[in-house]
1. I need the full set of residues from segment 298-312 which are more than 13 Å from residue 284 (Cα to Cα), open to solvent by less than 60 Å² (accessible area, probe 1.4 Å) and part of a loop (DSSP other than H, G, I, E, B), in order please.
2. Suppose we filter segment 47-61 for residues that are open to solvent by 50 Å² or more (accessible area, probe 1.4 Å) and in a helix (DSSP H, G or I); how many remain?
3. Could you run through segment 171-191 and say how many residues are open to solvent by less than 60 Å² (accessible area, probe 1.4 Å) and either within 7 Å of ligand 1 (Cβ to nearest atom) or in the same structural domain as residue 37 (by the TED database) (or both)?
4. Give, as residue ranges, the strands (runs of 3 or more DSSP E) completely inside segment 193-274 that count at least 3 residues that are of a type in the set (Asp, Glu) and surrounded by fewer than 16 Cβ atoms within 10 Å (Cβ to Cβ).
5. Out of everything in segment 121-167 that is at pLDDT below 85 and open to solvent by less than 30 Å² (accessible area, probe 1.4 Å), what residue ends up being nearest to the chain's Cα centre (by Cα)?
6. Out of segment 193-231, which residues are among the small types (Gly, Ala, Ser), at pLDDT 80 or above and in contact with a strand residue (DSSP E or B) (Cβ under 7 Å, 6 or more places away or on another chain)?
7. Filter segment 5-21 for residues that are under 34 Å from the mean Cα position of the chain (by Cα) and crowded, with 16+ Cβ neighbours inside 10 Å; which is farthest from residue 72 (Cα to Cα)?
8. Of (1) in contact (Cβ under 8 Å) with a residue 40 or more places away in the chain; (2) within 30 Å of residue 190 (Cβ to Cβ), residue 263 satisfies all except one. Which?
Amino acid sequence: MATKLDYYAVLEVSRDANGDEVKKAYRRLAMQYHPDRNPGDASAEARFKDISEAYDVLKDDQKRAAYDRFGHAAFEGGGPGAGGFDFGGGLGDIFEQMFGDMMGGRRGGRRSGSDIQVQISISFTEAFSGVKKPITVPTRVACESCDGTGSADRDQGAETCPTCHGAGKVRAQQGFFLVERACPTCHGAGKVVRNPCTACRGTGTVERDRTLEIAIPAGVEDGTRIRLSGEGEAGGKGAQPGDLYVHIAVEPHPIFQRDGANIYCRVPLRMTQAALGTEVEVPVVDGSRAKVKVPAGTQTGENFRLRGKGFSVLRSSARGDMYIQVSVETPHHLTKRQRELLEEFEAEADDHARANPENTGFFSKVRDFFEGKL
Ligand SMILES: [Zn+2]
Ligand SMILES: [Zn+2]
């Protein structure tokens, strides 16, 4: 990316210039470098763009304050965490509108095509394994009805514009000046279509949905943005196409949660399973099963690690782990017999401190507290 000039330097004003001074400077420079006054001068056109962009920021108190604080970084786009600001439609749109208006609605030229933003949603398991997804984006293609000629009468096609004789520009005397401007008949194309094609209204191109397949890598996280360079909207003749940005949303999963490359799965165990020990079969995100040995006396909150069963780490061969998080479920709705057995169980315990050290420890501290020892 080319280094951007300081907006104040572009407008030739000091950093403490007030709104009026900024406006005056802009008017003077815009008059001087306006493309209509400098036909065919690419450097003047670039300068004019810079001036317009600088003015767009400095005329707005909020944007100017952001620029003073963060410089150009304040307006650079980016996903979450990029540290940039987002001013609604974005600077590009504002600039495009303004530039388009000032150019008298003239289209085409070396302007690059717009970027396209697409949002797609993938499942948790697709994010785990990686997936190819077809996405549909609107694009302009040659019109099928007229083979791209723009003319309803294929044999005739487009003919040289009678006003400018194909030059695309006309000259007119204005006072002392000979002013050159886009031809009003052909709008700069140099050709006109006598009998325009109805499908494309003479433009030769129509909007069509284009489907392309994008490969989403394994391990992708919710909110990731993938940029496909040059897959945006086509630019004018000889211009660069814009980029395509695909924003990925990953749907939550009913069983698995994710933290970075690790996966967590909460497994509720019956009180007796946790007390006596057991082996449980747990699901793995890749669709396989794993057996986890739960030793006797397992507590709520204990984790069992399945090494390497987590997500792939992007741009690396590393993998996260999967954690089975145990929670012990106290039984509800006991039958009469279950209740009797548990009462018997409670009476049977002759050494509570050994069976439930945490419970015993806590209540001995409580006793100390009431006796003023803690
Ligand atoms: Zn013309
Ligand atoms: Zn057509």
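1. 298, 301
2. 4
3. Residues of segment 171-191 open to solvent by less than 60 Å² (accessible area, probe 1.4 Å): 172, 179-180, 182-183, 186, 188, 190.
If we keep only those that are either within 7 Å of ligand 1 (Cβ to nearest atom) or in the same structural domain as residue 37 (by the TED database) (or both) too, we end up with 183, 186, 190.
Summing the residues that are open to solvent by less than 60 Å² (accessible area, probe 1.4 Å) and either within 7 Å of ligand 1 (Cβ to nearest atom) or in the same structural domain as residue 37 (by the TED database) (or both) in segment 171-191 gives 3.
4. Details: elements: 205-216, 224-228, 244-250, 256-259, 262-270.
Qualifying strands (runs of 3 or more DSSP E): 205-216.
5. That would be 137.
6. Applying the first criterion (among the small types (Gly, Ala, Ser)) to segment 193-231 yields 199, 202, 204, 215, 218-219, 223, 229-230.
Now drop any that are not at pLDDT 80 or above, which leaves 199, 215, 218-219, 223, 229-230.
The answer is 199, 215, 218, 219.
7. Filtering first and then ranking leaves 11.
8. (2)
The values are calculated or read from the model by the stated rules, or taken from the named source; none is laboratory data. In this text the structure is predicted, and so the values were computed from the model without any measurement. Counting neighbours? That spans all protein chains shown, and the Cβs are built from the backbone with ideal geometry, glycine included. Side chains are part of the model used for accessible areas, which takes the heavy atoms of the whole protein and leaves out ligands, DNA and RNA. Shrake-Rupley method; radii C 1.70, N 1.55, O 1.52, S 1.80 Å.
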